[in-house]
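The values are calculated or read from the model by the stated rules, or taken from the named source; none is laboratory data. Note that this is a predicted model, so its numbers are computed, not measured. We place every Cβ from the backbone using ideal geometry, glycine too, and count neighbours over all the protein chains shown. These area figures cover heavy atoms from the full protein model, side chains too; ligands, DNA and RNA do not enter into them. Shrake-Rupley method; radii C 1.70, N 1.55, O 1.52, S 1.80 Å.
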Protein chains: 2
Amino acid sequence: MRVMKSSTEMVRQQNSGLVLSALRRFGALSHTDMADHTHLSSATVSAITTELDRAGIIERMEQQAATGRGRPRVLFRPSRGCGYLILVRISSDVVQYSLVDYAGTLMDRFDEARGASATDVTVFSRGMLEALDRLIGRSSISRDAVLAISISSKGLVDTAYQRLVWSPVFGDQEIDFQWLLRDWSARIILNNETRLTAQAVARCLEKKQDLKQSLAVLSLGHSIGLGIVQRSSVGALEVTAPNFGHMLHVANGGLCRCGARGCIEASTGFYGILRTAFEVPADTIPAKFVPLAEMDRIAMSARQGKRMATYAFRQAGLALGQGISRVLSLHETMPVVLTGPGTRYYDLLQAGMVEGLAQSQPVRREGMPDISLMDDEAGLVFEGHKQRAFDDVDQDILTLRPSASAAMKAG
Amino acid sequence: MRVMKSSTEMVRQQNSGLVLSALRRFGALSHTDMADHTHLSSATVSAITTELDRAGIIERMEQQAATGRGRPRVLFRPSRGCGYLILVRISSDVVQYSLVDYAGTLMDRFDEARGASATDVTVFSRGMLEALDRLIGRSSISRDAVLAISISSKGLVDTAYQRLVWSPVFGDQEIDFQWLLRDWSARIILNNETRLTAQAVARCLEKKQDLKQSLAVLSLGHSIGLGIVQRSSVGALEVTAPNFGHMLHVANGGLCRCGARGCIEASTGFYGILRTAFEVPADTIPAKFVPLAEMDRIAMSARQGKRMATYAFRQAGLALGQGISRVLSLHETMPVVLTGPGTRYYDLLQAGMVEGLAQSQPVRREGMPDISLMDDEAGLVFEGHKQRAFDDVDQDILTLRPSASAAMKAG
DNA sequence: ATTTATTTTCTCGACTGTCGAGAAAAAAGA
DNA sequence: TCTTTTTTCTCGACAGTCGAGAAAATAAAT
């Protein structure tokens, strides 16, 4: 069936979700604030908050400074002890584990450097299981209290079945996280990293009333990621992370890490730029990892006018610009946000990008898209990670918890 | 706000929509059928049907052959007289006007050949207004009874504001249908033609339980159209028609009708194939129109082994294959349905297509997508046209009509 | 110290929905 | 004429939202 039937119970669930997500967005709200944000009547908010409070999903905050005349407002927030989130960010050199309580505050975090055993999946898997146990051990939390384990990585992700299909780190070695974490009752979520960045950027712009119809977020670095935000027909934001880095740039182009030829990444990823700058043949096996210092040196010589270095960045920009033009053709003209370590070379990439964009039909018609840079990719990923995980977890909780307590209320 | 709040009235509206759309899909249903299809209880269906019946939106069908024992079922269908739809299909040589009643049956249709004045917008506009009046005149229908005028054309369409932005027929001359038809109370809908085809194909496959997660429909002809069907996170089908024909195929490629260079259409559209086959320089102004007979001749000589003709089709297939590979990269691997007059040359296009697809990353990983052909593009466009228009019109009616009659019921 | 003004929370009754169960209707067969 | 069968229709229970106004709790004014 296309669309679910609706019932009065669904209405309550939907509106509870509205209240909870308002709480997530704005931290702590009073009755009246919630009514304003959700456009629900005060009476309804009252009913919902008492229900959620009784179920232990939200809690009244302790007193706070008087705000003026009148009855003091009581603020609600998601109940800290309701459950916990574990966020795992897998990046090329390090795996970061974060523990977050239900109110969204970071409780604990540590990094696990991936040493020489970097690329072995079984070693990584064992390390991950240990790290997870250590994380909850340090805060004396039981496994059952962990509502979700949300994992992010660059690469190709099977969101439906929580399988990492291809990643820069592990290549073609699949990881089935659903299976790996089968001893955990928590919901397992797997995300493409740039998807999370896009989500965070979108919410951020939404708050500033600055979100257009849609939005593209590009992460530039050793690999190239794209996240796309669109408003669905019902008005919700849908975020996707297409496999942009490995979209065909040009037939018979440079050899890519993925084994194909002519991917965008093979021109625009750090290893691609390096290869061009040093005039290494384009079918050379890509470097596993290019230190940022190395890239900085190439950029330096490009800024000093060295020909091949300049050319390398220009070609990278060209591939990026043409790739973006294709994205615009297949969606619509939308603002582009660049992030990731590669943004520091934007001055060198720009000319090629503009050239690559200019000749295409969508740009000829609608003009250049807005292109802006955004720093702190790590922070954005973390924010997006939380948002994404809570979206799911809150939904889970609302479908299970309050009805159970409704039975208690009756008994 | 992200998502609308829910209320009991919205529940009724939603479920009424479910009932009505079941009626649209299956023609005429009894109480019990509707309950089965919508998963609503018999009591609810009863309430809804009496309400819709009273409001004149659906009607009981006259008697029908006894189906066996038991109380005879009463069948409902959308009420013929509830309103009318006008569907206008603008194609390169002809404009087709169709009048459809609220039950979806075709009442009247005529074609208006666009003569020498073909490309002049004011002439076309005047002609269209006249044709619309003639259409309703012939069936003695008043303007107010026309619920929607749904227009389709190839080209670039601004769905939000009903403006035809660029079309093969009128080029850069915009047509603002909202303005042109300002004397009509009907809702104005403007669609890209391939969007409609995709919609029809999707519903067709859905009925056969054969619809995968998503689907791409390509229309091959003088121009190239793409429609993409995706399931949104809430499970509804979202159909979009990206500007595929004018996506960048290759930098500095052949001159396209749109004025840009290297668009897919410039290689794969009929005029592109013609240009290559006859070794005309790729920056030659494209032919306005290529008769099918002309294409058939080129195909004939290609099948007889003539080199340039074969090459032309191969290049066209290559551009198509590479373009599709990019679509798969930016969405996911999905089945591809080919339609339109160009499918008769599929034997000649196939080799290039496969080559263009094979080298790309998504195909290397997931294998070749399912590619199938479908005839009767005109029929599909008509079906999709109806579906699309009724989706909108039914929604409009449900938000307005039944509540008004609820007041009557009280009085 | 008491009153007044102000702001927020909470409660009540009216209304609109859905649902299950079973009554009523209508036809075919015994 | 009675029984069986199938479908439609109705009724009461239950769940949810909403507006209005009561109740609560504080600051300012007297």
Within the group A:Arg163, A:Arg187, A:Arg195, which residue is without any contact (Cβ under 8 Å) to a residue 40 or more places away in the chain, in contact with a helix residue (DSSP H, G or I) (Cβ under 8 Å, 6 or more places away or on another chain), within 18 Å of A:Arg89 (Cβ to Cβ) and open to solvent by 20 Å² or more (accessible area, probe 1.4 Å)?
A:Arg163
Do we find that B:Ala312 is crowded, with 23+ Cβ neighbours inside 10 Å, closer than 30 Å to B:Val95 by Cα, at pLDDT 95 or above and small (Gly, Ala, Ser) in this structure?
no
What number goes with the only condition from (1) away from chain A (no Cβ under 14 Å); (2) part of a loop (DSSP other than H, G, I, E, B) that B:Ala160 does not pass?
(1)
Which of (1) open to solvent by 10 Å² or more (accessible area, probe 1.4 Å); (2) over 27 Å from A:Pro362 (Cα atoms); (3) of a type in the set (A, V, I, L, M) is the odd one out, the single condition B:Ala148 does not satisfy?
(1)
Within the group B:Arg138, B:Arg69, which residue is away from chain A (no Cβ under 14 Å), within 16 Å of DNA strand C (Cβ to nearest atom) and among the basic types (Lys, Arg)?
B:Arg69
Filtered residue count, segment B:334-379, keeping only those that are in contact with a Gly (Cβ under 8 Å, 6 or more places away or on another chain), open to solvent by 50 Å² or more (accessible area, probe 1.4 Å) and within 14 Å of chain A (Cβ to nearest Cβ)
3
Test set (1) away from DNA strand D (no atom under 16 Å from the Cβ); (2) within 14 Å of another protein chain (Cβ to nearest Cβ); (3) farther than 21 Å from B:Gln387 by Cβ - B:Arg25 fails condition number:
(3)
Condition first: assigned to a loop (DSSP other than H, G, I, E, B) and either within 14 Å of chain A (Cβ to nearest Cβ) or under 15 Å from B:Leu190 (Cα atoms) (or both). Now tell me which residues in segment B:141-157 satisfy that.
B:Lys154, B:Gly155
In the list B:Ala35, B:Ala47, B:Ala55, which residue meets the criterion of being within 16 Å of DNA strand C (Cβ to nearest atom) and touching a Pro at 6+ places or on another chain (Cβ under 7 Å)?
B:Ala55
Please state which of the following conditions A:Ala35 fails to meet, knowing it meets all the rest: (1) within 14 Å of chain B (Cβ to nearest Cβ); (2) touching a strand residue (DSSP E or B) at 6+ places or on another chain (Cβ under 6 Å).
(2)
Right, B:Leu135: at pLDDT 95 or above, away from DNA strand D (no atom under 12 Å from the Cβ) and in contact with an Asp or Glu (Cβ under 7 Å, 6 or more places away or on another chain) or not?
yes
Here the residues within segment B:255-286 that are small (Gly, Ala, Ser) and within 22 Å of B:Tyr346 (Cβ to Cβ) are B:Ala266, B:Ser267, B:Gly269, B:Gly272, B:Ala277
Among the residues of segment B:246-263, which ones are at the interface with chain A (Cβ under 9 Å from one of its Cβ atoms) and under 19 Å from B:Val165 (Cβ atoms)?
B:His246, B:Met247, B:Leu248, B:Cys256, B:Cys258, B:Gly259, B:Ala260, B:Cys263
